[in-house]
Amino acid sequence: MNNTKAVVSLGHDALGVNTNEQMNATKVTAKALADLVEAGFQLTITHSNGPQVSMIHKAMTELHRIYIDYTAAPMCVCSAMSQGYVGYDIQNSLKAELTGRGISTPVSTILTQVTVDPYDEAFYAPTKAIGRFMAKEDAETEIKKGNFVKEVPGKGFMRIIAAPKPIDIVELDAIKALVDAGQIVIACGGGGIPVIQQGHVLKGASAVIEKDAIAGKLAAELNSDQLIILTSVPYVYTNFEKDDQAPILNMTVDEANKYIEAGEFGEVNMLPKIEAAIEFLQANNEGSVLITSLDSVSDALKGKAGTRIVFK
């Protein structure tokens, strides 16, 4: 038990899109995570938070609009809120599942900050839509505040924010201490709370961090044996969603780079996962990466599903 250190990255399918869906989804997710624990993995878990942080942002913005005494929450605070309540559901569901199987391993959530570069190019060309649809007048107000917006034909305008690259995981030492103590840790949720280092002060950034990017970095920093990325498909595919779609069972970093050059991976879905795999394997040549779906974990453990990536 607990002899293979692994970082597990959970996608949207593992969490649902609202509070009720999330509570139910994490109970299912906990079964897959417990299967990994029973198979001998010591887990550090990170997760997406797109629908959750957007929901919180909408709620806080509407609260401010209706009740002017309340202030709208900045993105860094929305990110912190999402980390807290997503972590709460995962740790409670997983702890209950483990206890039912006679496993007493502690499960903890660490509110995690991640530094970003204020001059990252992403801040000059934001792409991540967040919050509610707005009328043109509201969009103009956001622009006057210095925020970016984009028009969605037929629906209105949405605010868009940057997705800069992660630099340092601020609470890394605390995460390592719990991992070294044999605990299961939930950390860097939603990519981490993006912050900018200003002297000895950390200032929240109006941004989000790709959860796949932080998963690769976290696995590298912890010197994990394996990075497990759970997504919506059981394999990585060539010619995805085409008539000649074919699963990739195994690949090396060099082969992954060739697939990237050939444009095989979607920029908003599979490409960030492959890039995370490459970052981890370049830091730990002896490690491995497994990409599969949540409901294929049991088969993947038997070598019957999933794409495996190694350094060479």
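The values are calculated or read from the model by the stated rules, or taken from the named source; none is laboratory data. Because the structure is a prediction, the values reported are computed rather than measured. Methodologically, a virtual Cβ is constructed for each residue, glycine included, from the backbone with ideal geometry; neighbour enumeration extends over all protein chains shown.
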Top-ranked residue of the stretch 62-73 - restricted to ones that are in contact with a helix residue (DSSP H, G or I) (Cβ under 8 Å, 6 or more places away or on another chain) and either assigned to a helix (DSSP H, G or I) or surrounded by 14 or more Cβ atoms within 10 Å (Cβ to Cβ) (or both), ranked as modelled with the lowest pLDDT:
Ala72
Testing Cys76 on (1) modelled with pLDDT under 95; (2) more than 18 Å from Gly190 (Cβ to Cβ), one condition comes back false. Which one is that?
(2)
Going through (1) assigned to a helix (DSSP H, G or I); (2) out of contact with any Lys or Arg (no Cβ under 8 Å at 6 or more places or on another chain) one by one, Asp254 fails only at (2)
In this structure, does Ser82 turn out to be touching a residue at least 24 places away in the same chain (Cβ under 8 Å), crowded, with 17+ Cβ neighbours inside 10 Å and either in contact with a strand residue (DSSP E or B) (Cβ under 9 Å, 6 or more places away or on another chain) or not in a helix (DSSP H, G or I) (or both)?
no
Which pairs turn up if I take residues in the stretch 258-278 that are assigned to a loop (DSSP other than H, G, I, E, B) and look for partners that are surrounded by 12 or more Cβ atoms within 10 Å (Cβ to Cβ) and among the hydroxyl-bearing types (Ser, Thr, Tyr) with beta carbon separation below 8 Å, at least 6 apart in sequence or on another chain?
Glu264/Thr238; Phe265/Tyr259; Asn269/Thr231
Please list, ordered by first then second residue, the pairs with beta carbon atoms under 9 Å, 6 or more apart or interchain, first in the stretch 95-119 and surrounded by fewer than 20 Cβ atoms within 10 Å (Cβ to Cβ), second among the basic types (Lys, Arg) and part of a loop (DSSP other than H, G, I, E, B).
Asp117/Lys165
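Of all residues in the stretch 293-311, count the ones that are in a strand (DSSP E or B), surrounded by fewer than 23 Cβ atoms within 10 Å (Cβ to Cβ) and either on the phi > 0 side of the Ramachandran plot or hydroxyl-bearing (Ser, Thr, Tyr) (or both). I'd like the intermediate steps shown before the answer.
To start, the set of residues in the stretch 293-311 that are in a strand (DSSP E or B) comprises 293, 307-310.
Cutting the leftovers down to surrounded by fewer than 23 Cβ atoms within 10 Å (Cβ to Cβ) gives us 293, 308, 310.
Remaining after also requiring either on the phi > 0 side of the Ramachandran plot or hydroxyl-bearing (Ser, Thr, Tyr) (or both): 293.
Count: 1.
Which one of Lys176, Lys150 is surrounded by 15 or more Cβ atoms within 10 Å (Cβ to Cβ) and of a type in the set (Lys, Arg)?
Numbers: Lys150 fails: surrounded by 15 or more Cβ atoms within 10 Å (Cβ to Cβ).
Going through Lys176, Lys150 in turn, just one is surrounded by 15 or more Cβ atoms within 10 Å (Cβ to Cβ) and of a type in the set (Lys, Arg): Lys176.
Residue-by-condition table, conditions (1) surrounded by fewer than 24 Cβ atoms within 10 Å (Cβ to Cβ); (2) in contact with a Gly (Cβ under 7 Å, 6 or more places away or on another chain); (3) of a type outside the set (Phe, Trp, Tyr); (4) in a loop (DSSP other than H, G, I, E, B):
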residue: Lys5; (1), (2), (3), (4): yes, no, yes, no
residue: Asp13; (1), (2), (3), (4): yes, no, yes, no
residue: Gly16; (1), (2), (3), (4): yes, no, yes, yes
residue: Gln22; (1), (2), (3), (4): yes, yes, yes, no
residue: Thr26; (1), (2), (3), (4): no, no, yes, no
residue: Leu43; (1), (2), (3), (4): no, no, yes, no
